[in-house]
Amino acid sequence: MDIIEAIKTRKSIRKFKSDPVPKETIRTILEIACRAPSAENTQPWEFVVASGELLDTMRQKNVEKLRNFVAPPEEMAHLMIERPKGSIFRTRQIEIAKKLFELMDIPRQDLQKRAEWLERGFRYFDAPVAIIIVADKTLPIQGTALDVGSVNQNICLAALAYGLHTCIENQGITYADVVREVARIPDSKRLMAAIAIGYPDWEFPANQVQSEREPIDNIVTWCEI
Ligand SMILES: Cc1cc2nc3c(=O)[nH]c(=O)nc-3n(C[C@H](O)[C@H](O)[C@H](O)COP(=O)(O)O)c2cc1C
């Protein structure tokens, strides 16, 4: 698969087959992904790869908190910040949610179905593997986030070469206390991202979703003399 095709093919997958992914394959993907650039080659990323019973425990504990309406810990408060009402960002967010709910046949007023849908993310979309990207807290968040973003995308693209698909997900690190406890991540590390990874279940309606992008002329300013 060439690079342009890979970029165009990648999409978020929200249900995976239960087939296990060989540890060696994940290792190879991470090794390739780490060719990502980083400011002054600081390589701020570190990975915690969860699978098997450990991942199942994480799913279970996340869902338990969600069902009990437990608020995320303070360190994840930024994930709760809503996009301003009426903003283009909010509009895009609503558009993708509408598309997913339509594919999944979830009516707006069906709170039970909506709650079930929400839980999926907290279960890492039933993926056999979840990659948690962490970075040392001594590093400044802005630059680190940019560097981690590069490695994040590289993981998603490299995965395709092995028939694997992904979903980057905030939901997977929302209950940081659960992730820390189960995967034994020390307080000195910041939880940056979770990536669910596995073989996609193409029968699952939401996996057909095609997210929109803003036409390029709306977001480019050409500066010329
Ligand atoms: C930082 C980040 C966090 C995300 N968190 C979630 C999430 O918690 N749940 C989810 O279903 N999708 C999540 N996504 C996936 C986005 O919804 C998705 O990338 C976007 O709708 C564009 O769709 P595409 O990835 O299929 O191109 C996240 C993506 C990023 C980059």
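We did not get these values from a lab; they are worked out from the coordinates using the rules stated. If you're wondering where the values come from, they're calculated on a predicted model, not measured in any experiment. All Cβ positions, glycine included, derive from the backbone under ideal geometry; neighbour counts span all protein chains shown.
If I go through the range 25-48 residue by residue, how many of them are among the β-branched types (Val, Ile, Thr) and either in contact with a helix residue (DSSP H, G or I) (Cβ under 6 Å, 6 or more places away or on another chain) or surrounded by 19 or more Cβ atoms within 10 Å (Cβ to Cβ) (or both)? Steps first, please.
First, the residues of the range 25-48 that are among the β-branched types (Val, Ile, Thr): 25-26, 28-29, 32, 42, 48.
Then keep just the ones that are either in contact with a helix residue (DSSP H, G or I) (Cβ under 6 Å, 6 or more places away or on another chain) or surrounded by 19 or more Cβ atoms within 10 Å (Cβ to Cβ) (or both); that gives 26, 29, 32, 48.
Within the range 25-48, residues that are among the β-branched types (Val, Ile, Thr) and either in contact with a helix residue (DSSP H, G or I) (Cβ under 6 Å, 6 or more places away or on another chain) or surrounded by 19 or more Cβ atoms within 10 Å (Cβ to Cβ) (or both) number 4.
Scan 65, 85 and give me the residue that is out of contact with any Ser or Thr (no Cβ under 8 Å at 6 or more places or on another chain), away from the ligand (no atom under 16 Å from the Cβ) and within 28 Å of residue 209 (Cβ to Cβ).
Numbers: 65 fails: away from the ligand (no atom under 16 Å from the Cβ).
Result of the check over 65, 85: 85.
Is there a residue being in contact with an Asp or Glu (Cβ under 7 Å, 6 or more places away or on another chain), more than 14 Å from the ligand (Cβ to nearest atom) and part of a loop (DSSP other than H, G, I, E, B) anywhere in the range 104-121? Full working, then the answer.
Going residue by residue through the range 104-121, those that are in contact with an Asp or Glu (Cβ under 7 Å, 6 or more places away or on another chain) are 121.
Restricting the remaining residues to those that are more than 14 Å from the ligand (Cβ to nearest atom) gives none.
The answer is no, given that none of the residues of the range 104-121 is in contact with an Asp or Glu (Cβ under 7 Å, 6 or more places away or on another chain), more than 14 Å from the ligand (Cβ to nearest atom) and part of a loop (DSSP other than H, G, I, E, B).
Which condition does residue 53 not pass, out of (1) of a type outside the set (S, T, N, Q); (2) outside any helix (DSSP H, G or I); (3) free of Cβ contacts under 8 Å to residues at least 40 places away in the same chain; (4) more than 16 Å from the ligand (Cβ to nearest atom), if it passes all the others?
Of (1) of a type outside the set (S, T, N, Q); (2) outside any helix (DSSP H, G or I); (3) free of Cβ contacts under 8 Å to residues at least 40 places away in the same chain; (4) more than 16 Å from the ligand (Cβ to nearest atom), only one is false for residue 53: (2).
Mind counting the residues in the range 183-225 that are closer than 17 Å to residue 46 by Cβ, more than 16 Å from the ligand (Cβ to nearest atom) and of a type outside the set (D, E, K, R)?
Qualifying residue count for the region: 4.
State which residue is nearest to residue 187 (Cα to Cα) when the search covers only the range 68-82 and only residues that are more than 14 Å from the ligand (Cβ to nearest atom) and in contact (Cβ under 8 Å) with a residue 40 or more places away in the chain.
Result: 75.
Tell me which residues, restricted to the range 166-181, are more than 8 Å from the ligand (Cβ to nearest atom), among the β-branched types (Val, Ile, Thr) and not in a helix (DSSP H, G or I).
If we filter the range 166-181 for residues that are more than 8 Å from the ligand (Cβ to nearest atom), which is where we start, we get 166, 173, 175-181.
Restricting the remaining residues to those that are among the β-branched types (Val, Ile, Thr) gives 166, 173, 178-179.
Correct list: 166 only.
Any idea which of (1) exposed (fewer than 14 other Cβ atoms within 10 Å of the Cβ); (2) in contact with a Phe, Trp or Tyr (Cβ under 9 Å, 6 or more places away or on another chain); (3) not small (Gly, Ala, Ser) is the one residue 62 doesn't satisfy?
(1)
Answer yes or no: is there a residue in the range 84-94 that is out of contact with any Cys (no Cβ under 9 Å at 6 or more places or on another chain) and surrounded by 14 or more Cβ atoms within 10 Å (Cβ to Cβ). First the steps, then the outcome.
Residues of the range 84-94 out of contact with any Cys (no Cβ under 9 Å at 6 or more places or on another chain): 84-94.
Next, from what is left, pick out any that are surrounded by 14 or more Cβ atoms within 10 Å (Cβ to Cβ): 92.
Yes, because at least one residue in the range 84-94 is out of contact with any Cys (no Cβ under 9 Å at 6 or more places or on another chain) and surrounded by 14 or more Cβ atoms within 10 Å (Cβ to Cβ).
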